[in-house]
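Visitor: Shown below is the structure under consideration.
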Amino acid sequence: MIGEIIINAFLVTLMLTIAIFIINTRKVISTILLTGTYSLVAALMFVSLDAVDVAFTEASVGAGISTILFLAALSYLPKEEKEEKFNVKHIYAICTCIIVAGLLIWASYDLPLVGQLENPVHQNLAQDFIEGSRNHIGIPNVVTSILASYRGYDTFGETVVIYTAGIAVLVLLYDGVSKTSKIHKENNK
Amino acid sequence: MDNLILKVCTKVLFTPIILFGLYVQFHGDFGPGGGFQAGVIVAAAFILYAMVFSVEDCKVIMPPKLNFFLLALGAFLYGFVGIIGLILGDPYLSYDVLGTTKEAGQHIGILLVEFGVGLTVCNVMISLFYSFANFNFGKKNND
């Protein structure tokens, strides 16, 4: 129990430190790399919450691919962020942040404690899913049986969303033959 | 990039990364993993290859046409598995009728569906990288 608290406190402190560094840094490349590190610590956080599948996804998508895609997009961006002087807009932003954070913290007092058996999440369908996963589907990983079988429609929707997003980016950015190969051909002529 | 160590390491690592992706894909029923993660891992192998060698070299092993075909095939496979169930007289996306027993049907259905997810995710990631990279090089050469 104590060990878990120490690990969680360490991870939260680490995430907070990284977040402060992200705010402070002005170089775009350090922001990207720090965001990747943040995702990696978030993945560790999910492991400590026993959500291994989510942690796996966070580590591969959040820390891996999205960092690479940001780096690939880096060359369109200016190398450094412009320093902006403190003005009225910032006061509005600070007020909004404080109000929203206050509301969220206030709302969090109504949440049940994590990992308690009598929580509403564990009362309704969870029991059926866990039993059905063993008896009806015969798969040890309950996450997979919920993802692919019980909630097959949702996953289909997710797949189609990813497909559509990919197609949209291709329509916007992909221009058939790459310009390098065109230039190569012209040079060869 | 012209670094011998990077090139050799990439060539050595390329196959194990894809193998690990396939392990995550097909072991998703028994441990953590599944289509989304596996797709990203396999895509990472191709992106690594494209970064260390060049995008043109990567297009030789994964041609854009094949990439787009597989991208669409993944989503199609998912929907098609649902339709097979529909034809055999079950609700859409219920896999009970796909096998000889209900359990076998569920196994086959989940395996196919996850494979569809993996295909789509992997090829979307690769095509995203292709389009970003293409855009880049064009810009640099125009300068």
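The values are calculated or read from the model by the stated rules, or taken from the named source; none is laboratory data. In this text the structure is predicted, and so the values were computed from the model without any measurement. Cβ placement follows ideal geometry from the backbone for every residue including glycine, while neighbour counts extend to all protein chains displayed.
Visitor: Say whether the condition of being within 17 Å of A:V54 (Cβ to Cβ) and within 14 Å of chain B (Cβ to nearest Cβ) is met by at least one residue in region A:116-127.
Guide: Within region A:116-127, none of the residues are within 17 Å of A:V54 (Cβ to Cβ) and within 14 Å of chain B (Cβ to nearest Cβ).
Visitor: Please count how many residues of region B:82-110 are among the polar types (S, T, N, Q), within 12 Å of A:H136 (Cβ to Cβ) and more than 9 Å from chain A (Cβ to nearest Cβ).
Guide: 1
Visitor: So, one more: Scan region B:98-115 and report the pairs whose first residue is over 17 Å from A:E158 (Cβ atoms) and of a type in the set (V, I, T) and whose second residue is modelled with pLDDT under 90 and surrounded by fewer than 18 Cβ atoms within 10 Å (Cβ to Cβ), with Cβ atoms within less than 7 Å and a gap of 6+ or a chain change.
Guide: B:I108/B:G99
Visitor: Which one of B:G79, B:G74 is more than 21 Å from B:L22 (Cβ to Cβ) and assigned to a helix (DSSP H, G or I)? Walk me through how you get there before you give the answer.
Guide: Working: B:G74 fails: more than 21 Å from B:L22 (Cβ to Cβ).
One residue alone meets the criteria, B:G79.
Visitor: Could you list, ordered by first residue, the pairs with Cβ atoms under 7 Å in which the first is in region A:49-65 and facing chain B (nearest Cβ under 7 Å) and the second is among the polar types (S, T, N, Q) and crowded, with 20+ Cβ neighbours inside 10 Å, at least 6 apart or interchain?
Guide: So the pair list comes out as A:F56/B:Q37; A:T57/B:Q37; A:S60/B:Q37.
Visitor: Any chance you could count how many residues in region A:154-189 are of a type in the set (S, T, N, Q) and at pLDDT 70 or above?
Guide: Going through region A:154-189 one residue at a time, the tally reaches 3.
Visitor: So which of A:N124, A:N119 is farther than 27 Å from B:G118 by Cβ, loosely packed, with under 11 Cβ neighbours inside 10 Å and of a type in the set (S, T, N, Q)? So that I can check it myself, show each step before the final result.
Guide: Numbers: A:N119 fails: loosely packed, with under 11 Cβ neighbours inside 10 Å.
Only one candidate qualifies: A:N124.
Visitor: Which residues, counting only those in region A:153-174, are among the hydrophobic types (A, V, I, L, M, F, W, C) and farther than 16 Å from B:F80 by Cα?
Guide: A:V161, A:I162, A:A165, A:I167, A:A168, A:V169, A:L170, A:V171, A:L172, A:L173, listed by residue number.
Visitor: What residue, among those in region B:95-114 that are closer than 23 Å to B:G39 by Cα and touching a Gly at 6+ places or on another chain (Cβ under 6 Å), is surrounded by the fewest Cβ atoms within 10 Å (Cβ to Cβ)?
Guide: B:I108
Visitor: Go through (1) at pLDDT 90 or above; (2) within 16 Å of A:L170 (Cα to Cα); (3) facing another protein chain (nearest Cβ under 10 Å) and name the single condition B:L70 misses.
Guide: (3)
Visitor: For region A:119-176, which helices (runs of 4 or more DSSP H) that fit wholly inside it have 2 or more residues that are among the small types (G, A, S)?
Guide: On the way: elements: A:126-132, A:142-145, A:152-173.
It comes to A:126-132, A:152-173.
Visitor: Where residues in region B:12-47 are surrounded by fewer than 24 Cβ atoms within 10 Å (Cβ to Cβ) and aromatic (F, W, Y), which of them is nearest to the other protein chains (Cβ to nearest Cβ)?
Guide: The selected residue is B:F30.
Visitor: Could you tell me which numbered condition B:H27 fails, if it satisfies all but one of (1) touching a Ser or Thr at 6+ places or on another chain (Cβ under 9 Å); (2) at pLDDT below 90?
Guide: Every listed condition holds for B:H27 apart from (1).
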